[in-house]
Amino acid sequence: MWVGNSMLFNWLDRNLEKFAGQSELSQGKIFMLHSGAFYDVEKKLLAPGEMPKILHWFKWQNFTTWVTGICLFVIVYYMNGAAGLVDPSVHDVDRTVAVVMSISIIFVAWLIYDAMWKTVGESNPRATTVVSLLLLFGSIFAFSQFFSGKATYMQAGVVIGTLMTGNVWMVIVPSQHELVNATKAGREQDPTFSIRAKQRSIHNNYLTFPLLFIMVSNHFGAATSHPLNWLILILVMIGGAGIRHFMNIRYRGNGRELATAAWLGPAVASGAFAIAGLMIVTRIDARPVDAVDMPVKFARVQEIIATRCVTCHSAKPSDEMFTSPPGGLRLDSPRQIQVNAKAIRLRVVDQQNMPFNNKTNMTPRERGEIKRWVADGALAD
Ligand code: HEC
């Protein structure tokens, strides 16, 4: 709802039309058709006496997005001994320390960002944009050295989502309050409020697509568990913001539009850039497994699975966290192992995100053995 709202209002602002008899306070009109009737919307400032009794604000969409996101983040990444947050093969950090770090980063990020944009951001927006982006990309790299792959993406997402929420509640909504108060008092709005609000709302606008990608990123194991996962995320963020940019410049107001090729071409190119980057980086085989030059017997595969996987992937897992087989995957019988050979190879050899945060300490040699067994036809001899 939040992203949808933001896009609708952006689009609306860019499509306002001048009309005959337009008052000085009016910024234009737009007619829309939806659910069986026409909407006649005018964007304008109000004279002091004109304040309506009921005024609709748009802030709860953002609030519910943030609150539900934070709750999910806490449940998935902080609970169960922060098993989702910490991957010992990335960094063997104490779990309490990891949670405290994760929470502190969220607050510190807001403090730094807000302070920067309240001070130098107003006089020197370009340099501040560059510094902000470097800090953001630097943080993503740092997260990737510290947290598990999936948590790296989510930590970045929670930071970005919190900055966006801070923008709404600490900057944009106060600016709207100032507008309402100024209107009631019949004075001009203090321009610092509106300049600041405009800046922050542009930031939010560019961050929507990167944020949406992060929200679904846990489905892309090839990206999150890759050793260069930070680079993939940065490339996708640049591509996503690029698409948004060319969608933004499409409408020029008053019904005028950029030629389709002038915005659609670059928007598609931005998307292609992100996808190509993603494909190239995920092809880099940065986590090789040991080469195994002898065929591997099925008994050996069963032994590996029994020690490394079955603590979780069993009808009755012995793992203290996973009390039912994750993803419904059971590897108790020879048949179950064999039919899942491809999925096992994907997670154990290609993505190397199983065993879950390598909880059962699988070795590169064992990964090599699984690879060899699958390459030889995954036979249950
Ligand atoms: C500590 C518990 C744990 C261990 C040990 C573990 N896994 Fe998993 N596995 C999970 C969890 C949690 C998921 C679901 C999340 C995900 O897909 O990343 C999962 C998902 C999977 C999936 C995807 C299932 C699906 O279709 O959704 C495969 C395949 C898999 N594991 C294979 C393995 C193999 C092979 C091993 C042993 C080498 C292993 N796992 C060890 C916890 C574990």
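The values are calculated or read from the model by the stated rules, or taken from the named source; none is laboratory data. Because the structure is a prediction, the values reported are computed rather than measured. Every residue, glycine among them, receives a Cβ derived from its backbone with ideal geometry; neighbour counts consider all protein chains shown. Surface accessibility is based on the protein's heavy atoms, side chains included, excluding ligands, DNA and RNA. Shrake-Rupley method; radii C 1.70, N 1.55, O 1.52, S 1.80 Å.
Among the listed pairs Lys18/Lys44; Lys53/Lys198; Lys118/Lys184; Lys118/Lys198; Lys44/Lys198; Lys43/Lys118, those with a Cα-Cα distance over 23 Å are Lys53/Lys198; Lys118/Lys184; Lys43/Lys118. Positive end of the dipole of segment 298-375 (Cβ unit charges, origin at the Cα centre): among Pro334, Asn353, Trp373, the Cα lying farthest that way belongs to Trp373.
Quote the charge dipole size of the chain about the Cα centre in Debye, to the nearest 20; the model charges only the Cβ of Lys and Arg (+1) and of Asp and Glu (-1).
Numbers: 36 positive and 27 negative charges, 93 e Å.
Result for the chain is approximately 440 debye, rounded to the nearest 20.
Entry comment: accessible area of the chain is 55 Å² per residue, from protein heavy atoms only and a probe of 1.4 Å. At an R0 of 51 angstrom, the distance between the Cβ atoms of Leu8 and Thr360 translates into a FRET efficiency of 0.55. Between Lys59 and Ala272, the modelled labels are 4.4 nm apart [label points 7 Å from Cα along Cα→Cβ].
The simple Förster model, with R0 at 41 Å and r as the Cβ-Cβ distance, assigns Lys342 and Ala261 a FRET efficiency of 0.45. Helix 125-146 versus the longest principal axis of the chain: what is the Cα-based angle in degrees, 0 to 90, to the nearest 10? Its long axis makes an angle of about 20 degrees. All other residues whose Cβ lies under 14 angstrom from that of Met7 are scored, Lys and Arg at +1 and Asp and Glu at -1, for a net of +2. For the set Asp332, Asp293, the ranking by accessible area, highest first and with no ligand, DNA or RNA atoms included, is Asp293, Asp332 under a 1.4 Å probe. Residues Lys371, Lys59, Lys18, sorted by accessible area with the largest first, give Lys18, Lys371, Lys59 [1.4 Å probe; ligands and nucleic acids excluded].
Ordering Thr260, Leu135, Val67 by Cα displacement along the dipole of the chain toward the positive end leaves Thr260 in first place; charges were set at the Cβ atoms of Lys, Arg (+1) and Asp, Glu (-1). Taking all protein chains as shown and a probe of 1.4 angstrom, Arg372 keeps an accessible surface of around 60 Å².
Put +1 on the Cβ of each Lys and Arg and -1 on the Cβ of each Asp and Glu in the chain; which of Ser6, Ala37, Phe209 then has its Cα farthest toward the positive end of the dipole? Farthest towards the positive end: Ala37.
Using a 1.4 Å probe on the protein heavy atoms, what percent of the accessible area of segment 60-212 belongs to carbon and sulfur?
Solvent-exposed carbon and sulfur of segment 60-212 make up 72 percent of the total.
The largest accessible area among Leu278, Leu12 belongs to the first residue in Leu278, Leu12, and the rest follow in falling order (1.4 Å probe, all chains). Label 7 Å along Cα→Cβ of Val67; segment 158-180 residues with amide nitrogen under 20 Å? Correct set: 158-174. In a shell of Cβ-Cβ distance under 13 Å around Pro266, excluding Pro266 itself, what net charge do Lys and Arg (+1) and Asp and Glu (-1) give? Charge balance near Pro266 sits at +2. Phi angles across segment 309-315 convert, under the Karplus curve 6.51 cos²θ - 1.76 cosθ + 1.60 with θ = phi - 60°, into 3J(HN,Hα) values of 10, 6, 4, 10, 8, 9, 4 Hz, Gly and Pro given as x.
Charges were assigned to the Cβ only: +1 to each Lys and Arg, -1 to each Asp and Glu. The resulting dipole of segment 298-375 about its Cα centre is roughly 260 debye.
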